[in-house]
1. Mind checking whether some residue in the range 212-222 is within 15 Å of the ligand (Cβ to nearest atom), touching a residue at least 60 places away in the same chain (Cβ under 8 Å), closer than 18 Å to residue 41 by Cβ and not in a loop (DSSP other than H, G, I, E, B)?
2. Restricting attention to the range 196-211, report how many residues are of a type in the set (Ser, Thr, Tyr) and either over 22 Å from residue 175 (Cβ atoms) or within 7 Å of the ligand (Cβ to nearest atom) (or both).
3. Residue under question is residue 132, and the condition is that it be basic (Lys, Arg) and within 16 Å of the chain's Cα centre (by Cα); does it hold?
4. Only residues that are aliphatic (A, V, I, L, M), assigned to a helix (DSSP H, G or I) and under 12 Å from residue 74 (Cα atoms): list them for the range 95-112, please.
5. Quick one: residue 25 ticks every box in (1) under 25 Å from residue 210 (Cβ atoms); (2) at pLDDT below 90 except a single one, so which number is it?
6. Limited to the range 110-130, what total is found for residues that are surrounded by 16 or more Cβ atoms within 10 Å (Cβ to Cβ) and of a type outside the set (Val, Ile, Thr)?
7. I want to confirm something. Restricting to the range 196-206 and keeping residues that are out of contact with any Asp or Glu (no Cβ under 9 Å at 6 or more places or on another chain) and touching a residue at least 12 places away in the same chain (Cβ under 8 Å), which single residue is surrounded by the fewest Cβ atoms within 10 Å (Cβ to Cβ)?
8. Any idea which of (1) over 24 Å from residue 119 (Cβ atoms); (2) touching a residue at least 12 places away in the same chain (Cβ under 8 Å) is the one residue 27 doesn't satisfy?
Amino acid sequence: MDSKQIMELSKKIRKGYTPGQYLSENSKTCVSINLPIQGHCKPTKRCLQDCYGKSGHTALPGNLRKQRFMSKCLEKQDLTHLIQECLVYSSVRLNGIGDMNPSHLPAIFSLAKACPQTEFWGMTRKVSIANRVNGKSLENLSLLVSVDTTSPKAVWKYPGALCFGPRRPEDKVPNDKRIVTVFPRHHAGRVIGNVPSHPKDCPAVRHTISGCVECQQCWDWK
Ligand code: SF4
C-alpha cells in the first residue's frame with residue numbers, strides 16, 4: 001500500500017468512527033456529555049489560563065475525537081444510542097468539557113424528554129444558551145451560568161443561578177445569592193494552590209463526598 005492509499009484508508013476509518021460509549025466517565029460527576037472546546041467555548045481570560053479540559057486526559061487525541069463526534073451527534077439529532085445510555089443514569093452532566101452551541105439545543109431538549117428520570121445538568125459560559133435551556137421549563141434539565149473574576153459585566157447581569165470558578169487563592173467570591181456553587185481551581189482531581197474554603201465550595205472537588213449524585217447542589221437550586 002502506498003502512502004496515498006494509507007492516507008485514504010485512515011480518512012475512511014476516521015469518518016466511520018463511533019465511540020464504544022457516548023457518555024464520558026468522570027470520577028466526580030459519574031458521566032458527562034463532553035463537547036469540544038474549539039469552536040464551542042467562549043472562554044474568559046481566567047478560563048484560558050486555568051481550563052482543566054485543555055490538557056491531560058481530556059485533551060488526548062482519542063478524547064478530542066470523541067468530543068467532536070458528540071458535537072456532530074447532537075447537531076444531527078442522532079439520539080437513539082445516547083438515549084439508551086442516559087436512561088441508565090440518574091444524572092448526566094452536560095458540557096463536562098466544552099460548551100454547547102445553539103445547534104445542539106433541539107437534541108438536548110429531546111434527550112431530556114426521552115429520559116424523564118434522568119437529571120441533565122451542567123454549566124455554560126453562554127447566557128443565551130442558559131436562557132433557552134432554563135426557559136424551557138423541563139423539570140429534569142438546567143444549566144448554571146459560569147462566572148469568574150474576569151467575566152464580562154454583561155454575563156454578571158444574568159438573573160438566574162450562577163457558579164463561580166475557577167477560583168484562585170486571591171479571588172474573592174461575591175456575596176451574591178445567585179451563586180450556587182464555587183469551584184476552586186482544580187486539575188486532575190486536585191485543588192491547585194491554597195484556595196481558601198468557601199461555604200459553597202463543590203464538595204467533590206474538596207473530596208468530602210464521593211460525587212455529584214450524593215450532593216446535587218448544582219441542580220437542586222431549581
Ligand atoms: S457541587 Fe455537588 S453537584 Fe455540583 S459539581 Fe460539585 S459535587 Fe457535583
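The values are calculated or read from the model by the stated rules, or taken from the named source; none is laboratory data. Keep in mind the model is a prediction, meaning the values are calculated, not measured. Neighbour counts are summed over all protein chains in view; Cβ atoms, including those assigned to glycine, are modelled from backbone coordinates with ideal geometry.
1. no
2. 2
3. Details: basic (Lys, Arg): yes; within 16 Å of the chain's Cα centre (by Cα): no.
Criteria not met by residue 132.
4. The first filter runs over the range 95-112 and keeps only residues aliphatic (A, V, I, L, M), leaving 97, 100, 105, 107-108, 111-112.
Now restrict to residues that are assigned to a helix (DSSP H, G or I): 105, 107-108, 111-112.
Within the range 95-112, 105, 107, 108, 111 qualify.
5. (2)
6. Just the residues of the range 110-130 that are surrounded by 16 or more Cβ atoms within 10 Å (Cβ to Cβ), to begin with: 111-112, 115, 118-127, 129-130.
Next, from what is left, pick out any that are of a type outside the set (Val, Ile, Thr): 111-112, 115, 119-123, 125-126, 130.
The total comes to 11.
7. Filtering the range 196-206 for residues out of contact with any Asp or Glu (no Cβ under 9 Å at 6 or more places or on another chain) gives 196-202, 205-206.
From what's left, touching a residue at least 12 places away in the same chain (Cβ under 8 Å): 196, 198, 200-202, 205-206.
On the way: 196: 12, 198: 18, 200: 15, 201: 22, 202: 22, 205: 21, 206: 14.
Only one residue fits best here, namely 196.
8. For residue 27, the failing item is (1).
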